[in-house]
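The structure under discussion appears below in the form of structure tokens.
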Amino acid sequence: MTFRTRLLLISSLTIAGVVALVTGTVSILIRRSLETVDTQRRSAMIEQFRRSLNGQGEEVARKAERAITSPAILRIAAESARPDADFAPFLDEAKAQAETLGLDFVEILKPDHSIISSAHWQARYGYPNNWLISHLEPQKSAFLTRVPTPEGDAVALATIRTAGPILILAADRLDKDFLSSLSAGPGMRALLWLNENEVISAQGKVENPKLLLTLATQATTSRESVSGTIHWSNEYRDKEAFLAIPLLQDSTVLGVLFAGTSLAEQMTLERSILWTGILAATAGIILGSLMGWWTTERVTKPVTQLAKGAAAIAAGDWTARVEVTSKDEIGQLALSFNHMTIQLLEQRDRTIQAERVAAWRELARRLAHELKNPLFPLQLTIENMQRARQSHPEQFDEVFQESTTTMLHELQNLKTIIGRFSDFAKMPKPQFEQVDINEVVRHVLNLFQPQLQANGRNIKVDANLSDSSERISADPEQLGRALGNLVLNALDAMPQTGTLHITTSKTNEGARLTVSDTGQGLSAEECERLFTPYYTTKHHGTGLGLAIVQSVVSDHGGKITLTSAQGEGSTFTIDLPAKRDS
Amino acid sequence: MRLIRFSWIAAVSAVLAVSAERPRYGGELRMETRAVLRNLDLAATTTDPEAATRNLILSQVFETLVKFDGSGLIVPNLASSWTHDVSHNRWLFHLKSAPMGHDGATWETPFPMPGQRSPLRVLRDAANPSAALIRKNTDDTLAGTGPFRIAEFEPGKRLRLVAHENYWGGRPYLDAIEIRMGRTLREQATDFDAGLADIIEIPISDIRRTRSIAGHNTFTAPMETIALVFDANKVPPNAREAVALTLDRASMHSVLLQKQGEPTAALIPQWISGYAFTFTSTRDLIKARKLQQTTAIEFAFERQDPLLRSIAERITLNASEAGIKLSTAAGQSADLRLVRLALPCADPYESIRQLAALFRAPSNGDAYNIEKELLDGFRIIPLFHLPVIYHASQKVRGWQSTQLKARQWNLADVWLSGARRP
């Protein structure tokens, strides 16, 4: 990731983060304040529910008082006093009383609580009443109770009165009319939960009543108010916050009153804030990107130029310079870079010069050393000839003969030394042709076969050549010469015994040739200098063998590497391309 | 003192004079009924709830040679006497003074009738509405011998009868009768309160209410049976018997039916069949609990019928005492239905034969065996025989329960107080 991208990302994320933080904080604050208001509204509704309940209870009690003074009830009371009382004619009386008084439930009971007449379930005459709470004595105040009906249980406000020996139960259902009488504020409503299948509102039966089951169960189990939120559908606005209050009669839960507040407005507001936040964040990111781009353009352009300059220098372009456009830190950096480049260039020239001097010195030293060896016998031979002429003229011919032979031999040595230097200097260009590298290896091994066992040596050869004949574009003579130098080098490393490993293999680019010995190995410093011309670790030699190998490999577009460790031998690896680039 | 005595005598005389008001000719009687008459085919008798009323209407136009009295015995009607040959193959009914039909023609007497049946069967067949004397004229009008003839007929809605001036029993008092058909009990009550009807049918629950208003109630002999009918393919016999054992007929009769009609375990009433007492029922909740195996039975009934609804609710409560759950359902495919079955005539064989046909049961043998076959296995559980209850306005006179007890309308004897012939 570039510095510019990073800078852009940081600035954009910072803007988006700030917007998200502000949006979230605003949303939370608004939600909390709305929840506080809703809680207050629901509490007011609960209070109103209690007042309405008391009011309806008083109304039921008043109606019950009227019922017990009605002529029909008095007639039933009188009939009950007869020993052969017949209540059959009064079957419809409870219904008539309910209709007259506007009550939902009226039941007329015998003293044993068996039903004489029931307004809502006429067929239950003669059966014992099953919703009068038996331990309750007739009382003035109304109480909540569940009333069984053919259609299921209802929750009602009931009261009990006596007319002589008979009992009158009067009750009003807590139904949608009652719920609609609760003047809930906008967005509020009251629900009455009777069971998991029956929940009523002011508009009638509530759909999906099972969604309220969890809250209702919590309220009935704990017998305390419980609050929660119901999501009625997948529509995000269709959410409602509820306070569930269990309706208790003694310890019995008769139902649950749900005071609900629609969260539609709140959800809409939150959604608006969210979208506003998203839009602001998007705009911020875009703006931040533009600003960041403009800023980074100004900041990173000099840095980019510096990077380019450094890359050019790394690529060998020592003339690369960076334009200085400002006097700030970036400008100072550019100036320093240019100065550093100049210093580096001067340093490199000095190093090259020093290396050249060192190379010449080394060449002179090597040349002096190489030339000194044949020159010293020559000098001794000539001095011996001079002494023989002066002191022993009779032996001069014999001495002369021996001395000239020696001199010729030494001159031959001088010629050879000079030839090697000349060969290195005149390294010819390779003549490329398709060459089987395995053939080259076999040819070289044949050439060196006698030397492997000469002078008491016991060198084993382990040639592991690739199965396929690897044909590469190469000069077979130069390649053979390079391989020969490596083999010679290995033989020098193994004076008595050892194993010479030679392997060839196919690579993606062409072929690989490795030559390993089991000699003493080289130190890290020796490895580093080994390919330097005229450098040698041996007491004899010109130090040109591996330099020639490297030159040949380089002319073939290949690469040679050396791995070695003290006491573990050395391995030369040559990678050659199959085709040489034109 | 003498003055006071005369005054008392005068007042009592006046009251007697009023109460002994003589029948008056003229006027039009307006009746309403739930029954629907869609055609004048007397042979199209069925067991739907209004079938009996339909026969009663048509009996005012078309008469049979003989008829059933209030005890179920055959008595003369058009025929004053009858004879047959030794082999009972040929019967001759001697008519009352050659009755004149609505078309002015008379029927020949004696009236022949084929036999080849038992004498009782021949007489019962002759008493059935389908055996009424009818003459089809060239203009496709039907002529009978009844006290009224058809003046106007809107099938299913309205029937207007006018007095048959030459009725063999003497001209009816009424000039005409307007019968509106297919009227619900609520519509009839509304029309009566509005003065648009003189005689209406009322439900049992209205008996007490109508006693307090002007007019009088009359009751027919049982004309329908309320019964539970199981789908034998869905409910096993044990469950059917269990339901039968939970039924508290006495309580329903005394409270829901206000002691009207009679609880029964037979389809045909005792006064018609004479053997109904052999079918008995007892309530045994312990045995019912042992027998009940079915967890829930679908129970259907006509929810618009208040009486059926209250009986059904009570049956549900009775069954729940034995742990049987009757869940309310709709339609003819329910496991159990509470139905009204009409008793179209006073002939036990004809009635039970029609019921057997209704339930696709065999109708071979005598009436008892047919009924026994129907009731075996508790496929059908009879509950009550119910009368039709009429409420007549104060001006309707001569509308007598004695005739109604014999399942007959005596409209020829009915007259209207204050009526005048134009």
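Read-outs throughout are calculated quantities, based only on the coordinates presented, and are distinct from any laboratory measurement. Keep in mind the model is a prediction, meaning the values are calculated, not measured. As a convention, Cβ positions derive from the backbone with ideal geometry for all residues, glycine included, and neighbour counts pool all protein chains shown.
A few remarks follow.
- Principal axis extents of the Cα atoms in segment A:241-294, from largest to smallest and rounded to whole angstrom, are 76, 17, 7.
- Cα long-axis angle, helix A:437-453 against chain A (0 to 90 degrees, to the nearest 10): 50
- Rg(Cα) / (2.2 N^0.38 Å) computed for segment B:355-418, rounded to two decimals: 1.76
- Over chain A, Cα pairs under 8 Å with separation of 6+ residues give a relative contact order of 9 percent.
- Computed over segment A:88-171, the percent of Cα pairs more than 21 Å apart is 17.
- Other residues with beta-carbon under 11 Å from the beta-carbon of B:THR218 carry, at +1 per Lys or Arg and -1 per Asp or Glu, a net charge of 0.
- The share of Cα pairs per 5 Å bin across segment A:427-582, counted from zero up to the longest distance, runs 2, 9, 19, 23, 21, 15, 8, 2, 0, 0 percent.
- Cross-link reach is defined here as a Cα-Cα straight distance under 30 Å, omitting same-chain residues fewer than 8 places apart; for B:LYS259 the lysines meeting it are A:LYS95, A:LYS110, B:LYS67, B:LYS287, B:LYS325, B:LYS372, B:LYS395, B:LYS405.
- In summary, chain B shows an alpha-carbon radius of gyration equal to 1.10 times the 2.2 N^0.38 Å reference for compact globular proteins.
- Each residue of segment A:1-122 gets 180 Å³ once the volume of the Cα convex hull is shared out per residue.
- Cα-based Rg of chain A normalised by 2.2 N^0.38 Å, two decimals: 2.32
- The Cα atoms of segment B:229-278 give a gyration tensor whose axes a ≥ b ≥ c have a/c of 1.5 or more with a/b no greater than b/c, which makes the shape oblate.
- As a proxy for reagent exposure, B:LYS259, A:LYS239 were ordered by neighbouring Cβ count within 10 angstrom, fewest first; the result is B:LYS259, A:LYS239.
- P(r) tail, segment A:48-190: Cα-Cα pairs separated by more than 22 Å, 36% of all pairs.
- Normalised by the number of residues in chain B, the average gap of Cα pairs under 8 Å and 6 or more apart makes the relative contact order 24 percent.
- For segment A:294-434, the calculated P(r), taken from all Cα-Cα distances in 10 Å bins from zero up to the bin holding the longest distance, is 10, 19, 15, 14, 12, 11, 8, 6, 4, 1, 0 percent.
- In a DSSP loop and with at most 14 other Cβ atoms within 10 Å, the GluC sites (Glu not before Pro) in segment B:152-207 are B:GLU165.
- Residue order, fewest to most surrounding Cβ atoms within 10 angstrom, among B:LYS395, A:LYS579: A:LYS579, B:LYS395
- Under 14 Å, Cβ to Cβ, from A:ARG356 - net charge with Lys/Arg +1 and Asp/Glu -1: 0
- Descending Cα extents along the principal axes, the protein assembly as shown, whole Å: 227, 78, 60
- Segment A:371-451: C-alpha gyration tensor shape, a/c 1.5 cut-off, then a/b vs b/c: prolate
- Alpha-carbon radius of gyration plus Dmax, which is the widest Cα pair, for segment A:412-516 in Å: 15.4, 47
- Antiparallel bridge percentage (DSSP; both residues within chain A; nearest 5): 90
- Residues B:LYS67, A:LYS559, arranged from fewest to most other Cβ atoms within 10 angstrom of their Cβ, appear as A:LYS559, B:LYS67.
- Summed residue charge, Cβ within 15 Å of B:TYR349's Cβ, Lys/Arg positive, Asp/Glu negative: -1
- Only alpha carbons enter this Debye calculation for segment B:227-316, each as an equal point scatterer, and the log10 of I(q)/I(0) it gives at q = 0.13, 0.15 Å⁻¹ is -0.50, -0.67.
- The per residue volume of the convex hull around the alpha-carbon atoms of segment B:254-403 is 143 Å³.
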